[in-house]
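The values are calculated or read from the model by the stated rules, or taken from the named source; none is laboratory data. Nothing here was measured: the structure is a model prediction, and the numbers come from that model. Cβ sites come from the backbone with ideal geometry, for glycine too, and all protein chains shown count toward neighbours.
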Amino acid sequence: MYLLQQLIQGISLGSIYGLVALGYILIWQAWGILNFAQGEVCAIGAFSLLVLHMECGLPVYLAFPLAIAVGMVISYIIEFIAFRPLLKANDTGKLIATIGVSICIRNLLRMIFGADAFSFPSMFGDTPQKIGELIIIPQNIWNMVIGFGLVALLNLFLRKTRMGIAMRATAQDRDAARLMGISVKRSLTATFVMASVIGAIAGMLISPIYLLMANMGASLGTKGFAAAVLGGLDFASGAMVGGIILGVAECLAAGYVSSAYQSAIAYIVLFLVLILKPSGIMSKKKAVEKV
Amino acid sequence: MNFANIYKKTRIWIILAVAVMLPFIVTNNYWLHIANIAGIFAICSLSLNLLTGCTGLFSVGHIAFYGIGAYTAALLATKLHAHFFVSLICAGIMAMIFGLILGIPALRLKGVYLAISTLAFGEITYQVFVNWTAVTNGTRGILGIEPPVILGIKFNNYQKYYYLVLLILVIVVVLIRNLLHSRIGRALFSVREGEIAASALGVNTVMYKVIAFATSSFFAGVAGCLYAYEVHFISPESFIGAESVSVLAMMVVGGIGSIPGSIAGAVVLTIIPEALRSVGDIRLVIYGAAIVAIIIFAPKGIGGFLEWVDGLLMGSRTGKKMAERED
């Protein structure tokens, strides 16, 4: 029973990591950039919700979409200032630039909100439900539902809508997409904003579980990155799997070994997976490089 | 002897002379401390440059080696009262051992996958620093590292210690420069440019990657040891993942693969946040923005700019000759 409890906890946490990972993967596929500012985008989402819900007193059903809108606008600004000029830069340069963006945002948040931690009430009620011996916190269930729901929605969007198909084409081959009359710039922007919105939602979902801090993006970003690589950066479907493996590993480590080493164990799992299957657990092809 | 020739012969001595004179110009203890930290980070960024810049092996957890060096030195200094040079070498060797432990399995990985395994390594190391209280004293850190005594001279203030850092920095620069200009260095560059092509030409890529990991982590450990003796107190907070990122930023802002660039990057990125202290909390926002701006407007980094100036002073009109030679 204890095991089941930990598993639920882990899957719930893991679906949030999966959403963060999805943001990394979308941007990686379209832009060829690992966006190290993804964690900070999550923090922006969480803090927007905090301001709108707690400070302005808006009810959750209003604050939630508004916070998403705020995340969209801010991510568009980030894309315009820092990412668009970098399309032709070298890979390492791009990576460092995204790190610069993340330092910038993290410290802006610290300037505005201070270094204190904020606690955020659960959007779905705090009272744990008892099913047999299991104690279930509504937030955990909602995290899973929203996580998987978003993935399904995204999948539908990418496959069925014109914009989604254009985005996929751009990710696959930028030049060919341009020749087919797709506005590459617009699809790149759309992908970036969409990835940021997913990140922002992940930030909002995790805020009742962990405390909100200006530097929360650092750890959340690293976990999401780890999940993305676990699932394989070239497989959007792997994000959730990677996230859940990481979340479950963390919770089992905390439950059975020691909570002090919680994240260390998660990283050891990651390290082992990388060594044994370098291209991510979802990949079928062998990593053979052609000249 | 025209100007270009004189410049070519004397430039390195001029820079050294300025570096030696610095403590007489800047007498403020606080800024001397910053200068020492900049020198220490210059060694760290040079070591990362050897691994990432020259060999193309991406490391996002480099601060772990620096931390291992710092903890080794601190433990040797406080528990065994070891001589400075003993701690220095042991710190380097200890970091190198961990570099090999990480490096050998990680050889299977490429690009971002290697990057994330180094990231994981950095996080694991940090967690061990925090939680292995029996050895590292946890978050309280290790206190009371005595200033080093060499040949009867006690390096008990920032000014004296500055010369020690400078001496080791110069030694490291000479070692890395000679390494890069040797057969090994060319092999490392060939691994970066095209691993398959390199192995087709008979370069033992596996061996050279291991060499890159080992030397790089050795120098990072040395830098960590210098840091421990500089601040006399170490705690895990100095070795968080964000520090790896700032070392990486130093290397890239300085210019990938360039020795003067790595040093310049370390100096500039150490000074910017300190110089901006007067403007308050916004300084780190500016620091982040400055990194983005440098990448956008000067893709070759400060090193590229230095090489351009260097080329101009050497008489090439466009400053291109030097840059091409470096490539």
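At a glance:
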item	result
Unique residue being surrounded by 17 or more Cβ atoms within 10 Å (Cβ to Cβ) and farther than 30 Å from B:Gly241 by Cβ when the list is A:Met204, A:Met167	A:Met167
Of all residues making up region B:140-184, the number that are among the β-branched types (Val, Ile, Thr), within 25 Å of B:Thr27 (Cβ to Cβ) and under 20 Å from the mean Cα position of the chain (by Cα)	3
Flag for B:Ala42 being surrounded by fewer than 24 Cβ atoms within 10 Å (Cβ to Cβ) and touching a Leu at 6+ places or on another chain (Cβ under 8 Å)	no
Test: residue in region B:126-136 that is surrounded by fewer than 21 Cβ atoms within 10 Å (Cβ to Cβ), at positive phi, over 23 Å from the mean Cα position of the chain (by Cα) and more than 10 Å from every other protein chain (Cβ to nearest Cβ)	no
Sole residue being free of Cβ contacts under 8 Å to residues at least 40 places away in the same chain and under 18 Å from B:Glu230 (Cβ atoms), chosen from B:Val128, B:Val86	B:Val86
Subset of region A:85-94 that is assigned to a helix (DSSP H, G or I) and facing chain B (nearest Cβ under 7 Å) - its residue that is modelled with the lowest pLDDT	A:Thr92
Evaluation of B:Ala82 against (1) within 14 Å of chain A (Cβ to nearest Cβ); (2) of a type outside the set (Lys, Arg); (3) not in a helix (DSSP H, G or I) (one fails), failing number	(1)
Options A:Val291, A:Val241; residue that is at pLDDT 80 or above, over 28 Å from A:Phe47 (Cβ atoms), in contact with a helix residue (DSSP H, G or I) (Cβ under 9 Å, 6 or more places away or on another chain) and of a type in the set (Val, Ile, Thr)	A:Val241
Set A:Ala97, A:Ala46, A:Ala82, A:Ala69: member being at pLDDT 85 or above, of a type outside the set (Asp, Glu), buried (at least 16 other Cβ atoms within 10 Å of the Cβ) and in a helix (DSSP H, G or I)	A:Ala46
Hits in region B:264-283 - residues which are within 12 Å of another protein chain (Cβ to nearest Cβ) and either buried (at least 24 other Cβ atoms within 10 Å of the Cβ) or closer than 13 Å to A:Thr92 by Cβ (or both)	B:Gly265, B:Leu269
Pair list, Cβ < 8 Å and 6+ apart or interchain, from region B:234-263 residues that are within 8 Å of chain A (Cβ to nearest Cβ) to residues that are of a type in the set (Ser, Thr, Tyr)	B:Gly241/A:Thr222; B:Gly241/B:Tyr126; B:Leu248/B:Thr52; B:Leu248/B:Ser59; B:Val252/A:Thr92; B:Ile256/A:Thr92; B:Ile256/B:Thr52
Every pair of residues 6+ apart whose Cβ atoms lie under 6 Å, when the first sits in region B:100-119 and is facing another protein chain (nearest Cβ under 9 Å) while the second is hydroxyl-bearing (Ser, Thr, Tyr) and part of a helix (DSSP H, G or I)	B:Ala106/B:Ser117; B:Leu109/B:Ser117
Any chance B:Ala187 is over 30 Å from B:Val128 (Cβ atoms) and under 15 Å from the mean Cα position of the chain (by Cα)	no
Which numbered condition A:Ala89 fails, given (1) without any contact (Cβ under 8 Å) to a residue 12 or more places away in the chain; (2) closer than 25 Å to A:Phe47 by Cβ	(2)
Of all residues making up region B:1-26, the number that are outside any helix (DSSP H, G or I) and surrounded by 11 or more Cβ atoms within 10 Å (Cβ to Cβ)	1
Among (1) part of a helix (DSSP H, G or I); (2) among the small types (Gly, Ala, Ser); (3) at pLDDT below 85; (4) surrounded by fewer than 16 Cβ atoms within 10 Å (Cβ to Cβ) - the single one A:Gly57 does not satisfy	(1)
Matching option when the condition is away from chain B (no Cβ under 14 Å) and more than 24 Å from A:Leu86 (Cα to Cα), among A:Val269, A:Val241, A:Val193	A:Val241
Contacts under 9 angstrom Cβ, first residue in region A:111-136 being at pLDDT 75 or above, partner basic (Lys, Arg), 6 or more apart	A:Ile136/A:Lys130
Some residue of region A:52-67 being within 11 Å of chain B (Cβ to nearest Cβ) and closer than 20 Å to A:Leu19 by Cα	no
Evaluation of A:Ala37 against (1) small (Gly, Ala, Ser); (2) in contact with a helix residue (DSSP H, G or I) (Cβ under 8 Å, 6 or more places away or on another chain); (3) farther than 23 Å from A:Met167 by Cα; (4) within 11 Å of another protein chain (Cβ to nearest Cβ) (one fails), failing number	(3)
Any pair with Cβ under 6 angstrom, 6 or more apart, that starts in region B:191-217 at a residue that is in contact (Cβ under 8 Å) with a residue 12 or more places away in the chain and ends at one that is among the charged types (D, E, K, R)	B:Thr205/B:Glu195
